[in-house]
Each structure stands twice: as structure tokens, then as C-alpha cells.
There are 2 protein chains.
Amino acid sequence: MRQSQLFTKTRKEAPSDEVSKNAELLIRAGFIYKEMAGVYSYLPMGLRVLKKIEAIIREEMNMIGGVEMQTSALQEKSVWAKTNRWSDDVVDNWFKTQLKNGTELGLSFTNEEAFSSLMKGFITSYKDLPAYPYDFKTIFRNEARAKSGIMRGREFHWKALYSFSRDEKDHNEFYKKIRQSYISVFDKVGLGGRTYLTFASGGTFSKYSHEFQTVSDAGEDIIYVDEAQGIAVNKEVLNDEVLADLNMSRESLQEKKAIEVGNIFSLGYKFSEPFSLTYKNEEGDNNLVYMGSYGIGISRLMGTVVETLSDEKGIIWPESIAPFTVHLISIGQNDKAQELYETLTTKGVEVLFDDRETSAGAKFADADLIGIPHRVVVSGRSLDQGGVEYKKRDREQGEIISVDDFVSQF
Amino acid sequence: MRQSQLFTKTRKEAPSDEVSKNAELLIRAGFIYKEMAGVYSYLPMGLRVLKKIEAIIREEMNMIGGVEMQTSALQEKSVWAKTNRWSDDVVDNWFKTQLKNGTELGLSFTNEEAFSSLMKGFITSYKDLPAYPYDFKTIFRNEARAKSGIMRGREFHWKALYSFSRDEKDHNEFYKKIRQSYISVFDKVGLGGRTYLTFASGGTFSKYSHEFQTVSDAGEDIIYVDEAQGIAVNKEVLNDEVLADLNMSRESLQEKKAIEVGNIFSLGYKFSEPFSLTYKNEEGDNNLVYMGSYGIGISRLMGTVVETLSDEKGIIWPESIAPFTVHLISIGQNDKAQELYETLTTKGVEVLFDDRETSAGAKFADADLIGIPHRVVVSGRSLDQGGVEYKKRDREQGEIISVDDFVSQF
């Protein structure tokens, strides 16, 4: 895409009320637009990042049998009353609205009830199990304060998968698989090295749930990392029994601040029971469905990447989720840049082509702020020296290489 | 995809309160799930259709310079107060909600204000124009009654593009281009033959707006079609002056009920003025930006296809937006069906493979209801006769053809 066609602009300053690093950088670089505290619109480059994260997650979910769908945002009282989660006294972050006739409605703050209710229409027999529906969805949470940018929004984007299995054994097999998928997702989006499978509180039906925690100073959680085992424990559950259970010693643990980027949870019969979500087994007996819940905050993940992968000049996107692969900068009038743009796009490489009439300095500063992984500059000087000036976003120094050498790496 | 993996099931009956044909068929075939009147979740096959319609529109919008982004659903009073569209006395279909501190918020029922406000941050000079941002978005409208299925939902999906041009002349050039894109969209989704460019009421800044109206008994609008010219006039504006203007005679017009599937509108300065959305021209003078608005209801379009392209047995999807291209039905145990499934999917053909242990009759009825364009049956009998039984959804009769002949057409 030509930068002249992209209507967004970089800014020197973020809005004065913006205190989070992720939103500050994303607003300045033109990825998001602040509608109000905790509510952001995604500008073209921001949407491209979100969609790439989505695509990575979609591929992983489909690989283990996930089937994508799309639930509604508007929610009915009767569905949530079944689990006693309708009342604002029980759930304090509902956004509620109402129909013209006064009927109260809610905006999805999570999705267990919606999926349990919906699946009741489709599950009757053991032949209908297992089922792994999931969706990418806009979620609304009426947070009293919203100061973490896109890491804790009032309106945000997530993926949630719910598993419906015939018993705990089948559930556990799937749970192991999806745990592995989650590890793969965080690896692919570039957070693998600093994201830990973290043991957290379970519930009636399992000893632990698992969080995926990315180490960051912007984190709101405290975890204890066992570097040797590559796992962690949430402070909430840290005690001697848990340590023994996980084969950890207190001395080997490091306390870290971390951002919860995903969590997986065995729900057991917690939701199937109030919804009478049952199936008939081979003998014709009714049994409750065994459920699990698996979430990833897509926008939070994007914010976490910005919090952890950036420097004083701007964002450093991992290639897998970068809005574009190459930032092509043209200095002065030259046909070579135009030619290179066409060569790369014909090859299917995603290029942001800075064809604007702006100073070289401004273009370089914008490129650093935006953070596309491969920067290539075509100028009279680079051409005189035999090619283009190529610099990776995470390197200090660029080098002159021939156009062919540059192109051949993609 | 294997039908055994798809958790949805067909139903003999739609919910008793469902009166629209589109929702009735879509619910029975397992494309949508009714959460409440006017609010539907999209089941896996429904989402596939929505995404295909989206992809067709996205391609057309990008081709004329559209740049995709994603605006928020939650909306702030101050933005809508600028155009006097915040009050429920002025706009009667807002869904409103509020923050914990009592601040009132709205849920997007349309998007002009959001885009005008956002673009004010990016447009300052003539160099920033034109700009054509668009988004696919969930829209909320508090309809007093909701009886048209997904054709008029309380929560629905649309595409809206807004154009920002320096003057009326530039605007008109783009307007002509996007009018052509719209015609192309309706052609591609299979509604071309029955969709008319329809002259409707304009506004302060243009004599007419243009609607795209699909002839259907389920339509809520009355249009007058001039078959020879291939255009129509909305009843709302039909008078002698308009007839003369469009070179139409009353005698040649046919009255039809029609569904408005898209509309394009010259907004002029209607929104740029209250938002003081201006740009500096080459001489440094401030001028108001000239705007246009271009919408397509994605879910309504899907509903319109079902209303117009179906028979007594079920839906007849056009290939371009069908959830799958081929419905492969296996009768009895045979490896050939499995083999054909693998051959087709390896070729990149989207196949729904009915591998369920169900009667042939039930499988055929489901296939007709679901409406995938190419049905192929692999049974002991078809194999004895030399191949597979192939039938298009819109044909009465099938034929036996060899596996190779069947595969080679994709």
C-alpha cells in the first residue's frame, strides 16, 4: 500500500490522558484511535495486525477440530439468570441496555452462557460429542477505570473456544492438545520466549487452571517463574502444597510482573448443570456434558507485543503480525523505488511504500515509530553505491545491498 | 469439512415466533441461531456465507481505493450531539448504555459521526484528500418490531464506506466509480438480474441518492422498474418532474416490491460542517470536505439471497457465497467417498462431507435444505454404474458421471 493512500498520520504526542505505553505508541504511530477511555477504533494498520493475530489463532484452533462461528453481542436476561450471573450485584462489569418495550438486555462480557444455551439445541446424543465451537468477538466490560490502553479495554476483541466433551477423560485429552496450541500461538506472535504456562486457581472441577503470562513491567499479575522447568505459578495460588505438587522449590523461583494473555479452564459441569446440557450415551442414559473454556484477548495480545517489543523510537513488530513486511522508503524522485514496489507486490510481499513528499528524516522517524520489520531505502545515494539501503527494525546499522539480493530474500 | 464435525443440525421446524422466510430457512438449515427477536448468532455455515459476502465487497472496495479499518461500537454523546443525533427524540432506534460513573454511551446505529470525528484528526491539507475509509461492523438498532429475520435485525452486520473529497467534482467522479462497484457486488453475489439501481430522495446536496433494490415479495419498499433502461425509481420520489428527468414514461414502469440491499448517498457538507472538517488548499485557504456515504447490509444481503433464491425444499446458494462448493454424500460404507473427499480438498475445493450414519433420504433432504450448489453422491449403486451421482442444486435430475469427470470441473 502506498503511504499516501493511507490516511493515518503519525503524531508527536499521544492524548494527554493516555498513560499506557501500548496505547501511547499505537496512537502515535497511527494504529488505533481513542474514542474514549478504554474504547479504541482500529485504524487500517491496527486492523491488519489484529487480523494477522486472528489468522494465527484460527489456524491453530481449526487444526485441533475447532469450528468457527459468531455469537451475538446482545444477550437476554433469561439465559444469564440460569447461572445467577445476570445481576449487577454478582457481575459488576455488565453494560446493560433495553428494548423499546423496557426489556433489559446485556452486552456480552463473556460467553459461557451464550454457548451453553446455544449448544443445548444441538447436543442430544453421544454422537454429537465432542464439539469445539469458537468465535472471535467484540466483548464489552464496564471497567470502572480503564488506564491500560488496549490491554484492558471497555470494548475489546477476543477469541473464545468452548469444549463440549462426554466425560473428564475426553476433556483432558483435548485440554492437553489446546494447551499445546496456545503455546504455539504465543510462539508465532513473537512472545514465546517471555510467555509462561502459569498454574492458577482451578475451581470445583480441577485443581488448576492454566494462564499464559507474558513477563512485562506493565503486567497487573505477579507470577513466580521456574526458569528451569519453563513454567510459572500465579502468586494467588502459591503455597507449599502447590510447590510440592509442581515439583518446585521456593529458591528457584523468580518473582515477575506479567500480563495474562490467555487462559484455559476446565469448567466441568458448572455450566452444563444449570442449562441441563445433557447427552444420551450408548445405553440411552442421560449424562451431563463436560465443558472447558479457552480464551485469548486478541487486542490485549497486540498491546502486550507493543509493551514488550519496542524501544525508545517506537514499535518493533514480529514479522508474523506486522502490518506490512517491508517499509519501502523513497528519497527524492526516482523510478527505482516505484519499480521495486511493483516487483515486491507482484511477488506477494506486503509493502508499505512511503511515496510521500516529506523529508528523509521524517520518513525515517515514522518508519521507526511504525515498526515494520524490514526497512529499505531507495535514494540517489544508495543507487550510486550500487543498490538500496537495507536495515532491519531491530538493528542499529543498515547496509547497502543490490536490489536483487534484497528481493531474493522474500 | 466433515458433517460429523459440524455440530449444527437441520430442524424440521423453525421457532414458532419466526415469521420471515429467510430466518425460517436459515434456522432450519443450521446457518443461524435465534437469540431473541431481531438478534441472531451465526453458526459455522452462516459465518462462512457472511465472510464470503464480505470478501467480495472488500475486493471491490479496495479496488477503488477503499482502506479498511474498524470503528468501535460504543459511542460518546459529545460526538453525536454535534449533529443533533444523540437525543432519542431525534433518533428513535438508539440502544443506550452507561458507564459506572453514569456517563451515557450509545451503540452505533450508523457511522457518519464516528468517521467524521475520527477523520478530523487526519485531514488538514488538500494532500490528505481524497480518503476512502470503510469498515465491516456490527450495527445495533432498537427496532420496535423485528419480524424480518436477518433482513432487519436489532443487531446486524454491514459495510459502510465514507468518502472524503476536496470538492463536488472529485466527489462525483468517485461516486460514479463506487456505483459501478456496487453493481458488481450484487452481480457477484448472484442478485444481479433482480437488483435495480433505484433513484431515491437526495438531500440538500444532491437531487437523488441511489438505492440498490432487489425485487422480492418480502420487500418493504415499492419501486417502479423501467426494464428497458434497467433502472428504477423509489415510489417516494415518483412524480412527473422525476420521470421527465430520468427519461421515463409512466406506461413503461412496473410496480414491484423490493428489498433495499445497498444505498449510496452524497452527503456534501452535512457532516463536515458541524465537525468543522476542513482542509487547506494550495493557497492556504480553509475549505469544507465534501463527503459521501455508501452502505451495504451484509446480513440483509444474505437474507435477501435466501428470500429470492430458494424453493420449497430449501436454499439455493449461488456458488460465489455458498458455505461450501460441493456437498459430498456417502451412502453406506465405502472408501471411494473418503478418497473423493481427500482428492477435492487437496485441490482446494470446499467440501461438506456427509459422513454421518444416517439414512439416504435424510441426507438428501438435508442437502436440499442447506443448498450447496454441487451435490455428489457416492453409493454402492453409483459405483456399480461407473461413478458418482452428480446433481446441481437448481436441477431436478442428477446423472451418473465418472469420478474423474466430476473432479475435473473444479
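Computed values, structure above
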quantity	calculated
Inter-copy spacing of A:G102 label points, which lie 7 Å from Cα along Cα→Cβ, given in nm from shortest upward	2.4
Label-point gap, in nm, between A:I400 and B:T345 - each point 7 angstrom along Cα→Cβ	5.4
Relative contact order computed over chain A (Cα-Cα under 8 Å; 6+ residues apart), in percent	16
Given charges at Cβ of Lys, Arg, Asp, Glu: the protein assembly as shown dipole, positive-most of A:L309, B:V388, B:T138	B:T138
Distance in nm between pseudo-label sites at B:D187 and B:A365 (7 Å out along the Cβ direction from Cα)	4.1
Shape category assigned to the protein assembly as shown from the gyration tensor of Cα positions, a/c cut at 1.5	rounded
Sequence of A:E350, B:E227, B:E155 once ranked by neighbouring C-beta atoms within 10 Å, starting from the fewest	B:E227, A:E350, B:E155
C-alpha center-to-center spacing [region A:350-382, region A:155-211] in angstrom	40
From phi via Karplus (6.51, -1.76, 1.60), per-residue ³J(HN,Hα) for region B:261-277 in Hz, x at Gly/Pro	9, x, 8, 10, 8, 7, 8, x, 9, 3, 9, 5, 5, x, 8, 6, 8
Those residues of region B:286-311 whose amide nitrogen sits under 14 Å from the label point placed on B:E273, 7 Å along Cα→Cβ	B:288-291
Mean separation of Cα contacts under 8 Å (6+ apart) over length of region B:324-408, as relative contact order %	30
Copy-to-copy label separations for A:D245, where each label sits 7 Å from Cα toward Cβ, in nm and ascending	7.5
Fewest-first ranking of B:R152, B:R395, using other Cβ atoms within 10 Å as the exposure measure	B:R395, B:R152
Rough spin-label spacing in nm, given labels placed 7 Å along Cα→Cβ, for A:V19 and A:K177	4.5
Signed unit charges on C-beta, dipole axis of the protein assembly as shown, positive-most listed residue B:Y33, A:T195, B:Y126	B:Y33
Chain B, closest residue to the rotation axis toward A, by beta-carbon, whole angstrom	B:T97, 2
Sorted by Cβ density within 10 Å, fewest first, the residues B:D366, B:D335	B:D335, B:D366
Pairwise FRET efficiency - B:T124 versus B:Q409, Cβ, R0 = 56 Å, nearest 0.05	0.55
Which of B:S320, A:V403, B:G219, positive extreme of dipole for the protein assembly as shown (C-beta unit charges)	B:G219
About the Cα centre, charge dipole magnitude for chain B (Lys/Arg +1, Asp/Glu -1 at Cβ), debye	840
Nm distances between copies for B:S87, ranked from closest, using label points 7 Å along Cα→Cβ	3.9
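Rule-based calculations on the coordinates, nothing more; no lab input. What you see is a predicted model; the values in this text were computed from it and never measured. Virtual Cβ from ideal backbone geometry, glycine too; neighbours counted across all protein chains shown.
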